[in-house]
1. Could you give the spread of the C-alpha atoms of segment 120-167 along their three principal axes, from largest to smallest, in whole angstroms?
2. Run through all the Cα pairs of the chain and give the fraction in each 5 Å bin from 0, expressed as whole percent.
3. Given the peptides 7-13, 35-41, 54-60, arrange them by the average over their residues of other C-beta atoms within 10 Å, most packed first.
4. Filter the trypsin sites (Lys or Arg not before Pro) in segment 93-182 down to the DSSP loop ones having no more than 10 other Cβ atoms within 10 Å, then list what survives.
5. Past the 23 Å Cα-Cα mark, which pairs from 5/37; 5/89; 84/159; 61/138?
6. If one puts a single equal scatterer on every Cα of segment 49-147 and applies the Debye formula without solvent, what log₁₀ I(q)/I(0) results at q = 0.13 Å⁻¹?
7. Given the options 2, 62, 41, identify the residue whose Cα lies farthest towards the positive end of the charge dipole of segment 1-66 (+1 on Cβ of Lys, Arg; -1 on Cβ of Asp, Glu).
8. Going Cα to Cα from residue 117, which aspartates and glutamates come in below 20 Å? Please leave out same-chain ones fewer than 8 positions away.
Amino acid sequence: SCGRKVVFGKNVTIRHPHKIVLGDGVVLDDNCVVDAKGADNQGIILRDRVYVGRNTIIYCKNGDIEIGENVSFSANCVVFSSNKLVMKKDSVVAAFAYLLSGGEYDLGDPTPFALQKGTCTKGPLEIGEGCWLGAGAKVLDGASLGDRCVLGAGAVATKPLPADTVAAGVPARIIKTRKVAG
């Protein structure tokens with residue numbers, strides 16, 4: 001379904017539209033892909049006023065994605081789920097960020113990786129409210145972020161980070177705790 005005042009840029013690709021919900025005021029900038037591929041998944045929900053920057057790809061491989069109100073993705077981001085990925089409201093994601101829920105291969109399986117489904121997962125991925133992910137940041141399978149987290153540019157979150165923390169590096173490590181006025 002498609003809400004009111006949705007804006008589509010040039011060359012936007014929508015695949016499996018029967019499993020995609022676009023809220024009011026969603027913007028899909030030039031060259032975006034939104035693909036809800038899967039046999040038994042619910043698909044993709046972009047809540048009101050989600051902005052998806054140019055060349056950004058949001059896609060499933062039998063997973064689900066829900067992006068909350070007022071979330072903004074800059075250009076060239078990738079959001080993937082073969083499990084469940086929930087990003088709560090009011091977050092900002094800088095260019096070239098990558099969010100991954102599932103998509104792992106079974107290292108103990110003798111089947112060549114190219115022949116595996118690539119849908120192993122450590123569990124759902126959740127990004128809390130009011131987070132900021134810096135340019136090139138990556139949040140890997142199972143590395144959920146609490147509310148108001150900041151993940152520095154180029155950081156790679158490999159494990160969960162608690163609310164109100166600032167993390168940087170590869171792998172991401174907490175470098176400070178935010179003092180957020182209530």
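1. Cα extents, longest axis first: 27, 20, 12 Å.
2. 2, 9, 17, 22, 20, 15, 10, 5, 2, 0, 0
3. Values: 7-13: 12.7, 35-41: 15.7, 54-60: 22.3.
Peptide ranking by packing, descending: 54-60, 35-41, 7-13.
4. Working: sites: 117, 122, 138, 148, 173, 176, 178, 179; in loops: 117, 122, 148, 178, 179.
Answer in residue order: 179.
5. Values: 5/37 25 Å; 5/89 19 Å; 84/159 16 Å; 61/138 19 Å.
Violating the 23 Å Cα-Cα cut-off are 5/37.
6. Values, matching the q order: -0.43.
7. Of the candidates, 2 comes out farthest on the positive side.
8. Answer for residue 117, where 20 Å is the Cα cut-off: 35, 40, 64, 104, 106, 109, 141, listed by chain and number.
The values are calculated or read from the model by the stated rules, or taken from the named source; none is laboratory data. Everything numeric here is computed off the predicted structure, so don't read it as measured data. A quick note on method: Cβ atoms are made from the backbone with ideal geometry, for glycine too, and the neighbour counts reach across all protein chains shown. Surface accessibility is based on the protein's heavy atoms, side chains included, excluding ligands, DNA and RNA. Shrake-Rupley method; radii C 1.70, N 1.55, O 1.52, S 1.80 Å.
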